[in-house]
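K.L.:
Sharing a structure, written as structure tokens. Questions coming.
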Amino acid sequence: MKNFIKDIGIAAGIFKDIRNARKEGETIEIHKTREIPVYKLGPGFYSTVEGCTLSWLDRETVKIISVVYDELPVEDKMRLAISPKDGEFIERGIFWRDMMALVLNEKQLHIAFRKILCWYIHIKRMDKGWETPEEANRISHSQ
């Protein structure tokens, strides 16, 4: 009820402004606006090389890791959304290992980190031309 009375007061003020403007020969344009919240979420878990690689794990493990990823600062998510280049694999692997170690048991961590490392090796082999597309397909489904 309080908001209703407040709205009536606002409407009366606008009506008064319109009448005064018309008396003075002016025109008033009224625009309806609304505030829309904007959230900076950054790229999602599957926007990363590691997220796509880990998607082959069981749902429970993926969910646990993705929840931790979602808590990262937007700047880290932006950095992780870019595929690793030469010289970035070790630092990036350590980052993911440390992040996953916070929430996974030893067995889950070993499986998840091995999957990431195998994919990093696959990326390096593809960059060097040492792996054919058929080998890449076999490797991606055998881990």
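The values are calculated or read from the model by the stated rules, or taken from the named source; none is laboratory data. As the structure is a computational prediction, the values presented were derived from the model and not from experiment. In this analysis, Cβ positions are derived from the backbone assuming ideal geometry, glycine residues included, and neighbour counts consider all displayed protein chains.
K.L.:
When the residues of the stretch 66-79 are filtered to those that are within 13 Å of PHE95 (Cα to Cα) and hydrophobic (A, V, I, L, M, F, W, C), which remaining residue is surrounded by the fewest Cβ atoms within 10 Å (Cβ to Cβ)?
P.N.:
Applying the filter and picking the extreme gives VAL68.
K.L.:
Tell me which residues, restricted to the stretch 39-60, are crowded, with 19+ Cβ neighbours inside 10 Å and under 19 Å from HIS110 (Cβ atoms).
P.N.:
If the condition is that a residue be crowded, with 19+ Cβ neighbours inside 10 Å and under 19 Å from HIS110 (Cβ atoms), then GLU50, GLY51, THR53, LEU54 are the ones that fit.
K.L.:
Just need a number here: residues in the stretch 1-45 that are closer than 30 Å to SER66 by Cβ and in contact with a Ser or Thr (Cβ under 8 Å, 6 or more places away or on another chain).
P.N.:
1
K.L.:
Within the stretch 21-39, can one find any residue that is touching a Lys or Arg at 6+ places or on another chain (Cβ under 9 Å) and farther than 29 Å from ARG114 by Cβ?
P.N.:
There is at least one residue in the stretch 21-39 that is touching a Lys or Arg at 6+ places or on another chain (Cβ under 9 Å) and farther than 29 Å from ARG114 by Cβ.
K.L.:
Still on this structure, please answer the following. Mind listing whichever residues of the stretch 44-66 are part of a helix (DSSP H, G or I) and of a type in the set (Gly, Ala, Ser)?
P.N.:
Of everything in the stretch 44-66, those that are part of a helix (DSSP H, G or I) and of a type in the set (Gly, Ala, Ser) turn out to be SER47, GLY51, SER66.
K.L.:
Looking at ILE65 and the list (1) modelled with pLDDT under 95; (2) closer than 16 Å to TRP119 by Cβ, which single condition is not satisfied?
P.N.:
Every condition holds for ILE65 apart from (1).
K.L.:
Right, here's the next one. So for the stretch 78-86 (the condition being outside the structural domain of MET100 (by TED's automatic domain parsing) and aliphatic (A, V, I, L, M)), does at least one residue qualify?
P.N.:
No; the residues of the stretch 78-86 include none that is outside the structural domain of MET100 (by TED's automatic domain parsing) and aliphatic (A, V, I, L, M).
This table checks each residue for (1) at pLDDT below 95; (2) under 25 Å from GLU60 (Cβ atoms); (3) surrounded by 11 or more Cβ atoms within 10 Å (Cβ to Cβ).
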{"site": "LYS85", "(1), (2), (3)": "yes, no, no"}
{"site": "PHE95", "(1), (2), (3)": "no, yes, yes"}
{"site": "ASP98", "(1), (2), (3)": "no, yes, no"}
{"site": "ALA101", "(1), (2), (3)": "no, yes, yes"}
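K.L.:
Same structure again: Pairs, please: C-beta under 8 Å, at least 6 apart or cross-chain, first residue in contact (Cβ under 8 Å) with a residue 24 or more places away in the chain and in the stretch 28-41, second surrounded by 10 or more Cβ atoms within 10 Å (Cβ to Cβ) and among the aliphatic types (A, V, I, L, M)?
P.N.:
LYS40/VAL74; LEU41/VAL74
K.L.:
While we're here: Please pick out the residue among PHE45, PHE15, PHE4 that is of a type in the set (Phe, Trp, Tyr) and under 30 Å from HIS122 (Cα atoms).
P.N.:
Values: PHE15 fails: under 30 Å from HIS122 (Cα atoms); PHE4 fails: under 30 Å from HIS122 (Cα atoms).
Testing whether each residue is of a type in the set (Phe, Trp, Tyr) and under 30 Å from HIS122 (Cα atoms) leaves just PHE45.
K.L.:
Within the group VAL62, VAL49, VAL74, VAL68, which residue is touching a Gly at 6+ places or on another chain (Cβ under 6 Å) and of a type in the set (Val, Ile, Thr)?
P.N.:
VAL74
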